[in-house]
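No lab work stands behind these numbers, since they all come straight from the coordinates. Model, not experiment: these values are computed from the prediction. Cβ placement follows ideal geometry from the backbone for every residue including glycine, while neighbour counts extend to all protein chains displayed.
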Amino acid sequence: MFHDKFPALIAGALGALILGSAAQAEDTALRGAVDGAQRTEAHKARDPARNPYESLTFWGLKPGQTVIEISPGSGYWTEILAPYAMATNGAYVAGVTDLEDPAVTEAGRRGREAFAARYADANVFGNITYVGFGAVSKPLGEAGSADMVLTARNLHNWYWREGMLDKALADFFAVLKPGGVLAVEEHRSDPRPQVEGARDGYMATAVVVAAAEKAGFKLAESSEINANPKDTKDHPFGVWTLPPVRQTAGRGEPANPDFDRSKYDAIGESDRMTLRFVKPS
């Protein structure tokens, strides 16, 4: 009887070995992008708080995917995702300032231009695609064309603008393939309630989940990868009191050189929820 089962056992072992090797190759590509020389030292210094390799693995990033990052800021994730997409025959799309918005500011235009110039080297970052994103922007791409949409610490900025969060999530849902992933990293107010309008930068997990579910998403899993139990969430200038912003005065006021930063620097970056939503198949 054992001899009868032997070929199947060998086939199963070989299959497991092949799958294991493929998974290892995928991990190597991602690790190479995270550890690569293309990343700035300032961004690498934030890795202990943002856990890029673990977060992207949790969100389910795979070779060959089309990933859209929303409002990439200085390019923390761009430095990883763009080279990874190039190395694995995928595509990286940056959702940036919408130049067709009548309300676009000159600062917004300059910011988009500076970002594009910073990541213009196709030998390092591949051919990045840019798409406008904002309050009146058009679709992020062809319906059902993306594997993942990533938004990191943006939802609180949209929450207080009437209709913006719903519009953004609807855009994400439309561009994702069935089974596609919405990857979310956001400052977390829990266990205390969210303040009105999330004006301090912190959002309640339940509020984020409800908004995503309203758009049609299903919460697949949450992670404590980016949790920070030292964050008391009661800072004088909201989440921006903490690194990396390190605000010392109210908005529009000059920096206060006498503000004691030691307590807030010891806390480090904010406590964050890390969520993976899926567009149902």
For a quick check: sort Y159, Y84 by the number of other beta carbons within 10 angstrom, fewest at the front.
Y159, Y84
Loop trypsin sites (Lys or Arg not before Pro), segment 119-187, which have at most 16 other Cβ atoms in a 10 Å radius of their Cβ (DSSP):
R161
So in the chain, what percent of DSSP beta bridges are antiparallel if you round to the nearest 5?
35
Given the pairs K44/K263; K214/K263; K167/K263; K218/K263, which are separated by over 28 angstrom at their Cα positions?
K214/K263; K167/K263; K218/K263
Given labels modelled 7 Å from the Cα in the Cβ direction, how far is it in nm from A210 to A107?
3.2
Return the sequence-ordered ³J(HN,Hα) values of segment 134-143 in whole Hz as given by the Karplus equation 6.51 cos²θ - 1.76 cosθ + 1.60 applied to θ = phi - 60°, using x for Gly and Pro.
x, 5, 10, 5, 6, x, 6, x, 4, 4
Would you pull out the residues with amide H under 5 Å of D98's amide H, same chain only if 5 or more places away, H placed 1.01 Å from N?
F133
Computed about the Cα centre, the charge dipole of the chain from +1 Lys/Arg and -1 Asp/Glu charges at the Cβ has a magnitude in debye, to the nearest 20, of 140
Theoretical gain in end-to-end length, K177 to A266 [0.36 nm per residue, Cα-Cα removed]
27.9 nm
If one compares the long axis through the Cα atoms of helix 78-87 with the longest principal axis of the Cα atoms of the chain, the angle in degrees, nearest 10, works out at 20
